[in-house]
Amino acid sequence: MTAIEVEHLVKRFGGFTAVEDVSFTVPAGEVAALLGPNGAGKTTTIEVLEGFLAPSRGVVRVLGTDPRRGGRAGRAWRARIGLVLQSTSLDTQLTVAEAVSLYAGLFPEPMGAAEVIEMIDLGSDAGTRIGALSGGQRRRVDLGLGIIGRPEVLFLDEPTAGLDPEARRELWAVIQSLVAAGTTVLLTTHYIEEAQRLADRVIVLAEGRVVADATPDQLRARGGTPVIRYRLPPGTQARDLPPALSRYVDPGRGELSLPSADLTADLDALVGWARRNRADLTGLEVTPPSLEDAYIALTTDLPPAAEPADKQRVTCHG
Amino acid sequence: MAETFSPASSARARPAAPPLPGAGPLLGAQVRYQLLLLMRNPRALILSLAIPVLLLVLNSSRHTNLTPRLEEALVAGLATFGLIVTAYISHAIGLVTGRQDGVLRRWRATPLPTWCFFAGKIAATSLMALASVAIAIAAGMSLYRVHLTAGSALSLLVIFTLGALAWAALGTAVTPLVPTAQAAGPVLLLTYLPVILFSGGLGSLNSEPGWLATLARYLPAQPIIDAATRALRQAGGGPQIPGHDLAVLAAWAVAGVVASVWFFRWDPVRPRHARLP
């Protein structure tokens with residue numbers, strides 16, 4: 001079953017095109033990340049899916065329903081989705097327990113308030129006013145309010161933006177527990193590590209267009225070649241290595257850093273040299289191409305916007 | 001942790017989806033929630049409850065030889081002032097702040113019916129405004145020669161309730177004109193201070209021109225002050241509800257609701273989109 005469908009979505013604000021012909025689908029139970037730099041159209045896309053913005057052109061459906069449909073049907077649909085907005089959106093005068101109980105009362109089959117508070121790990125702060133919580137704790141309250149109705153689809157708009165690394169990891173843990181339970185999640189982020197950690201699938205947006213739609217591994221494979229790194233033993237100079245390797249030594253750091261198109265041949269040359277010279281290979285590492293490299297390659301040096309989006313789209317996924 | 005969560009898809013596999021919560025419990029929860037916000041907002045409490053009493057105390061030390069008729073008008077005027085500060089200023093600032101902080105947007109994304117959100121907020125605001133009025137009249141009774149009968153109390157309840165609803169509806173309608181919480185003070189003061197001044201809420205105007213007196217009768221402050229003054233002067237008998245004053249307030253309430261339905265904005269003001277060259 002398809003949980004989210006986006007077909008040729010275009011969104012304009014006056015003369016400015018924020019989203020230009022974006023299409024993708026998210027099957028039920030999948031975690032998809034919209035990844036892209038600031039201004040790529042991530043938030044605009046997610047706001048159309050949440051029903052806050054009307055598309056200028058194209059069709060979007062969430063759980064088979066147009067998010068802009070109002071009335072009683074709209075209420076029933078809203079009870080099936082959850083969302084965490086880009087910035088914290090909480091009444092700071094309420095305590096954590098008051099906010100969670102208030103929102104629980106809106107849904108037909110909510111989770112228990114105590115259950116949610118435990119899930120967002122704020123049991124010891126249940127009686128604390130939200131205004132007195134740290135940024136990371138407030139974000140967890142945001143998430144708690146987003147999931148209390150047992151949503152089938154959860155939208156997370158930059159859920160960890162501005163958080164310190166520890167708070168980010170804590171929030172990831174909560175999201176991962178949701179994912180394990182089968183909730184469909186669409187999250188926007190500009191943190192590559194976040195997409196890699198949470199998502200089954202990464203949709204890269206740049207300048208309002210989809211430039212890649214693939215699994216993290218598929219994307220990473222496009223990041224170029226693996227790199228052989230080796231810190232030279234003391235007393236060894238670059239010129240002591242075979243010429244094919246020596247030009248990749250950084251003399252200042254005394255380190256070989258070789259982007260390898262033929263890993264077997266290059267490693268063979270290095271190991272052969274080490275055997276002949278009885279050099280210690282401790283510290284030798286081969287790093288795979290990174291998602292970051294792929295992401296940077298995809299989001300920089302884009303062709304002119306006037307070209308049809310289809311020509312630039314690279315689709316590896318289903 | 002993970003094993004405790006399950007999305008509602010399993011529940012939806014049943015023959016009928018579970019019904020959404022009914023309007024009664026939703027509205028009750030909204031009124032409680034909005035009252036809690038007001039009670040925990042020191043600025044709103046001082047504006048609503050303390051300032052009208054303070055003005056009554058200051059006036060009592062300034063005027064030592066007011067006639068009873070002027071005293072009743074003064075108490076009615078300052079009680080109305082407190083009501084408007086609560087129902088218009090605090091209410092509108094609360095909405096603009098909620099809009100700016102994204103709280104309104106979050107509410108809009110929930111299954112709560114829109115009318116229920118506004119009804120809850122306006123009802124809580126009106127209750128707070130009536131509390132402000134009660135405190136101001138109690139202070140007036142202890143500081144001035146103002147008395148209440150059962151009939152006059154009922155008249156006051158009707159007129160102040162309708163007044164609070166009208167001003168809360170207008171406070172909701174004015175929020176699209178206020179871009180940010182920081183801009184709320186000037187916009188709201190500019191819209192309500194002339195009305196309350198022309199209506200004699202801060203002391204009667206002895207030499208106002210005729211056209212201004214006529215205009216004030218149709219603005220939403222003077223009908224409250226006039227009706228409340230008459231109620232405070234009421235010696236006995238049942239409640240006396242003046243038709244003109246009620247009609248004017250009801251018209252403003254309807255105008256406020258209609259304008260809110262058409263123009264209310266849930267989202268913060270967006271910065272203008274533009275590509276850098």
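The values are calculated or read from the model by the stated rules, or taken from the named source; none is laboratory data. From a predicted model like this one, the values you see are computed outputs, not experimental measurements. For neighbour counting, all protein chains shown are included, and Cβ atoms are generated from backbone atoms with ideal geometry for every residue, glycine included.
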Check A:Gly39, A:Gly71, A:Gly105, A:Gly51 and return the single one that is within 10 Å of another protein chain (Cβ to nearest Cβ), at pLDDT below 90 and closer than 29 Å to A:Gln137 by Cα. A:Gly39
Enumeration of residues in the range A:61-86 that are buried (at least 22 other Cβ atoms within 10 Å of the Cβ) and more than 24 Å from B:Asp101 (Cβ to Cβ): A:Val62, A:Arg80
Only one of (1) more than 30 Å from A:Pro67 (Cα to Cα); (2) in a strand (DSSP E or B); (3) in contact with a helix residue (DSSP H, G or I) (Cβ under 7 Å, 6 or more places away or on another chain) is not met by A:Arg239, so which one is it? (2)
Test result for A:Ala3, assigned to a strand (DSSP E or B) and among the aliphatic types (A, V, I, L, M): yes
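State the number of residues belonging to the range A:100-126 that are small (Gly, Ala, Ser) and touching a helix residue (DSSP H, G or I) at 6+ places or on another chain (Cβ under 6 Å).
Here is the first cut: in the range A:100-126, the residues small (Gly, Ala, Ser) are A:101, A:104-105, A:112-114, A:123-124, A:126.
After this cut, where a residue has to be touching a helix residue (DSSP H, G or I) at 6+ places or on another chain (Cβ under 6 Å) as well, the list is A:101, A:104-105, A:113, A:123, A:126.
Result for the range A:100-126: 6.
Helices (runs of 4 or more DSSP H) wholly in the range B:62-166 with at least 1 residues that are within 30 Å of A:Arg68 (Cα to Cα) and among the basic types (Lys, Arg) - which ones? Steps first, please.
On the way: elements: B:68-84, B:91-100, B:103-108, B:114-143.
So the answer is B:91-100, B:103-108, B:114-143.
One line per residue, one yes/no per condition, for (1) loosely packed, with under 13 Cβ neighbours inside 10 Å; (2) at pLDDT 90 or above:
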| site | (1), (2) |
| --- | --- |
| A:Gln196 | no, no |
| A:Gly208 | no, yes |
| A:Gln218 | no, no |
| A:Asp240 | no, no |
| A:Tyr248 | no, no |
| A:Gly252 | yes, no |
| A:Ser260 | no, no |
| A:Thr264 | yes, yes |
| A:Gly272 | yes, yes |
Keeping to the range A:79-97, report how many residues are over 26 Å from the mean Cα position of the chain (by Cα) and either at the interface with chain B (Cβ under 7 Å from one of its Cβ atoms) or in a loop (DSSP other than H, G, I, E, B) (or both). 4
Close pairs from the range A:285-299: first among the aromatic types (Phe, Trp, Tyr), partner crowded, with 16+ Cβ neighbours inside 10 Å, Cβ under 6 Å, at least 6 apart: A:Tyr295/A:Ile192
Listed by first then second residue, the pairs whose first member lies in the range B:20-37 and is closer than 17 Å to B:Ser90 by Cα and of a type in the set (Ser, Thr, Tyr), whose partner is buried (at least 18 other Cβ atoms within 10 Å of the Cβ) and modelled with pLDDT of 95 or more, with beta carbons under 6 Å and at least 6 positions apart or on separate chains, are B:Tyr33/A:Leu102
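Going by the conditions given, is A:Leu256 modelled with pLDDT of 75 or more and surrounded by 18 or more Cβ atoms within 10 Å (Cβ to Cβ)? Full working, then the answer.
Working: modelled with pLDDT of 75 or more: yes; surrounded by 18 or more Cβ atoms within 10 Å (Cβ to Cβ): yes.
In short, yes.
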Out of the residues in the range A:116-132 that are surrounded by fewer than 17 Cβ atoms within 10 Å (Cβ to Cβ) and in a helix (DSSP H, G or I), state the one that is nearest to the other protein chains (Cβ to nearest Cβ). A:Glu118
Among the residues of the range A:161-188 satisfying the criterion of being surrounded by 24 or more Cβ atoms within 10 Å (Cβ to Cβ) and not aliphatic (A, V, I, L, M), which is nearest to the other protein chains (Cβ to nearest Cβ)? A:Thr183
Would you say A:Gly29 is free of Cβ contacts under 8 Å to residues at least 40 places away in the same chain and more than 17 Å from A:Val211 (Cβ to Cβ)? no
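Give A:Thr17, A:Thr45 a once-over and let me know the one that is crowded, with 20+ Cβ neighbours inside 10 Å, assigned to a helix (DSSP H, G or I) and not hydrophobic (A, V, I, L, M, F, W, C). First the steps, then the outcome.
Values: A:Thr17 fails: assigned to a helix (DSSP H, G or I).
So the residue among A:Thr17, A:Thr45 that is crowded, with 20+ Cβ neighbours inside 10 Å, assigned to a helix (DSSP H, G or I) and not hydrophobic (A, V, I, L, M, F, W, C) is A:Thr45.
With the structure loaded, tell me whether A:Ala76 is in a loop (DSSP other than H, G, I, E, B), of a type in the set (Gly, Ala, Ser), farther than 30 Å from A:Glu193 by Cβ and in the same structural domain as A:Gln196 (by TED's automatic domain parsing) or whether it fails that test.
On the way: in a loop (DSSP other than H, G, I, E, B): no; of a type in the set (Gly, Ala, Ser): yes; farther than 30 Å from A:Glu193 by Cβ: yes; in the same structural domain as A:Gln196 (by TED's automatic domain parsing): yes.
Criteria not met by A:Ala76.
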